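S.K.: Let me begin by handing over the structure; questions about it come next.
The values are calculated or read from the model by the stated rules, or taken from the named source; none is laboratory data. Since this is a predicted model, take the numbers as computed values, not measurements. Here the Cβ is made from the backbone with ideal geometry for all residues, glycine too, and neighbour counts use every protein chain on show. Areas reflect the complete protein model, heavy atoms only, side chains present, ligands, DNA and RNA absent. Shrake-Rupley method; radii C 1.70, N 1.55, O 1.52, S 1.80 Å.
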Amino acid sequence: MKAISKISAIVMSLAMMVSLAACGTEKKDDVSSEAAKEQKTVTTEVKFGALLGPTGVSMAKLAKEKSTIAEAYSDGENSYTNTYAADYTDEPTQMVAKISSGEVDIACVPTNLAAKLYKVTKGNVKVAAVSTLGVLYIIDTTGEVKSAADLQGKTIYAPSTVQGSNPEYILNYLIKQNNLDKTTVSFDYTVDELTAKIVSGDVQTIMVPEPKATAIKGQLKKAEKEFTVTDVQAEWNKVCDTPIAQGVVVVRADWLKENEGAFRTFLNDFKASSDAALNDTDNTVAAVVELGVIPNEALAKQAIPNCNIVSVTGEDMKKSVSGFINVLLEADPQSVGGAAPDDGFYYVG
C-alpha cells in the first residue's frame, strides 16, 4: 500500500509540473499576443515626385493606389504605413527644384543630377534605389547603322532637352570608347521636331529615350520608311563593365531623419510598384495613361518592356550607382558636379 501511495504521489507531482508548464506557455503566448496588440500603427503622408516616362511608369501603381501596397515596415514598437501624393513633371530640373525646396520628400531623378544635388544641398539628399537602367535607342534611316561602330562620320541628333544630362554623357562616352573621331552630335531640335524631320528625311540618325523611341518607330512604319534601331544599353555593355544606372530614387536627408520607418515602407512599396509595371501589364498600361505618364495605351504597351525598370537597393544599389558616376566623372567631371559624392550620399538601409 505504501508503494502504491508513493507511485500515486509521483504521478500527481508530474501532472502538476505538466500543468504548470502549460500555464507558463499560455502566459508567454498571451504576453506575445499582448505585445503585438500594443504595437502602434504610424501613418505618414509621403509626397513623391516622378518624371513623365520610365520613372513615372515604375511609380504608377503607387500613384494610383495612394497608399501602402506592400508589407509595412515594423521596428518592433511601431508598424509604418503610408499615404501617397504623387507629383509628375516632364522636366528633370523642375523635379530637382521640388526636392530642393522640400515640395516633395522623395523623387526619381537622373543619376548625374542626384550627384549634383548632393553637392548643392550640402548633403541633404541621399540616393536609395536605382529605378531605371538605360532607356536610350538610336534610330537610323540610312540602313547603315547596326551598332555604335557604324556611327563613324555621321551626325547624331538628340533632343535639346537631354543636353547636359545623362543621355548626352552616355552618348559621348560611346563615341569616345568606339573611337568615333568623325562623329558629331547635335541638340538643335526638340523631340517633336526630330520626329518630323526623321520622317521627312531631313535628318537620318537620332538618339531618343523611351517612350519617344517607340512613338517614332510607329511614325516611320506609318510612313513606310525603312529604319534600324540600335540599343544604346547593349552598345554600352560592350565597352563598359558598369551598367547604365540612368535613373535613381533620392530622399531628402532631413525628412529621412524624422521618418525612417515611413521611408523603409516606401522602399517596399516602390519595389511592389516596379514589379507591377513589369508583371501586371494591363493595369499598368491603364494607370500610366490615366496619369498622363504615356499618352495612349497602344504606345504604353509597346514601350514599357523597353524601359528597363528595376528596383535595386542596398549595397547592390551603391555599387551600381557609384560605378556609373565614376564613369561619368572620367568622361566629364562637370556631369556630376566636379567630384564623386562621398559615402554619405548612399542610403543602404
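S.K.: Select from the stretch 301-311 the residues that are in contact with a Lys or Arg (Cβ under 9 Å, 6 or more places away or on another chain) and either part of a loop (DSSP other than H, G, I, E, B) or open to solvent by less than 50 Å² (accessible area, probe 1.4 Å) (or both) and write down the one among them that is farthest from Asp343 (Cα to Cα).
M.R.: Ala303
S.K.: Go through the stretch 218-244 and give me each residue that's outside any loop (DSSP other than H, G, I, E, B) and of a type in the set (Phe, Trp, Tyr).
M.R.: Across the stretch 218-244, the qualifying residue is only Trp236.
S.K.: How many residues, within the stretch 119-162, are open to solvent by less than 30 Å² (accessible area, probe 1.4 Å) and without any contact (Cβ under 8 Å) to a residue 40 or more places away in the chain?
M.R.: 0
S.K.: Within the stretch 47-71, work out how many residues are part of a strand (DSSP E or B) and closer than 21 Å to Glu91 by Cα.
M.R.: Number of matching residues: 5.
S.K.: Just one of (1) surrounded by fewer than 24 Cβ atoms within 10 Å (Cβ to Cβ); (2) free of Cβ contacts under 8 Å to residues at least 60 places away in the same chain trips up Met95, so point out which.
M.R.: If we test Met95 against (1) surrounded by fewer than 24 Cβ atoms within 10 Å (Cβ to Cβ); (2) free of Cβ contacts under 8 Å to residues at least 60 places away in the same chain, just (1) comes out false.
S.K.: Can you report the number of residues in the stretch 251-303 which are acidic (Asp, Glu), over 17 Å from the mean Cα position of the chain (by Cα) and within 19 Å of Ile106 (Cα to Cα)?
M.R.: Number satisfying all stated conditions: 3.
S.K.: Still on this model: Exactly one of (1) in contact with a strand residue (DSSP E or B) (Cβ under 8 Å, 6 or more places away or on another chain); (2) at pLDDT below 95 is unmet by Lys271. Its number?
M.R.: All conditions are met except number (2).
S.K.: Here's a check for you: in the stretch 48-72, which residue that is more than 16 Å from the chain's Cα centre (by Cα) and charged (D, E, K, R) is surrounded by the most Cβ atoms within 10 Å (Cβ to Cβ)?
M.R.: Lys64
S.K.: Output the number of residues of the stretch 73-91 satisfying the condition of being of a type in the set (Val, Ile, Thr), surrounded by 15 or more Cβ atoms within 10 Å (Cβ to Cβ) and modelled with pLDDT of 95 or more.
M.R.: Residues meeting the conditions: 1.
S.K.: What is the residue count in the stretch 149-167 for residues that are of a type in the set (A, V, I, L, M) and closer than 26 Å to Val248 by Cα?
M.R.: Looking only at that region, the number is 2.
S.K.: Could you run through the stretch 274-294 and say how many residues are under 20 Å from Asp90 (Cβ atoms) and in contact (Cβ under 8 Å) with a residue 40 or more places away in the chain?
M.R.: Taking the stretch 274-294 first, the residues under 20 Å from Asp90 (Cβ atoms) are 277, 284-285, 287-294.
Subsequent filtering for residues that are in contact (Cβ under 8 Å) with a residue 40 or more places away in the chain retains 277, 284, 287-288, 290-294.
Within the stretch 274-294, residues that are under 20 Å from Asp90 (Cβ atoms) and in contact (Cβ under 8 Å) with a residue 40 or more places away in the chain number 9.
S.K.: Something else now. If you scan the stretch 169-203, which residues turn out to be over 26 Å from the mean Cα position of the chain (by Cα), open to solvent by 60 Å² or more (accessible area, probe 1.4 Å) and in contact (Cβ under 8 Å) with a residue 60 or more places away in the chain?
M.R.: Within the stretch 169-203, Lys176, Gln177 meet the criteria.
S.K.: For the stretch 111-127, how many residues meet the condition of being touching a Gly at 6+ places or on another chain (Cβ under 6 Å) and closer than 17 Å to Phe324 by Cβ?
M.R.: 3
S.K.: Taking the stretch 73-100, which residues are within 24 Å of Leu291 (Cβ to Cβ) and assigned to a loop (DSSP other than H, G, I, E, B)?
M.R.: Asp90, Glu91, listed by residue number.
S.K.: Kindly evaluate Thr111 against the criterion of being in contact (Cβ under 8 Å) with a residue 40 or more places away in the chain and among the polar types (S, T, N, Q).
M.R.: When the stated conditions are applied, Thr111 passes them.
S.K.: Within the stretch 227-240, track down each residue that is open to solvent by 10 Å² or more (accessible area, probe 1.4 Å), in contact with a helix residue (DSSP H, G or I) (Cβ under 8 Å, 6 or more places away or on another chain) and either over 28 Å from Thr141 (Cβ atoms) or of a type outside the set (A, V, I, L, M) (or both).
M.R.: Correct list: Phe227, Glu235, Lys238, Cys240.
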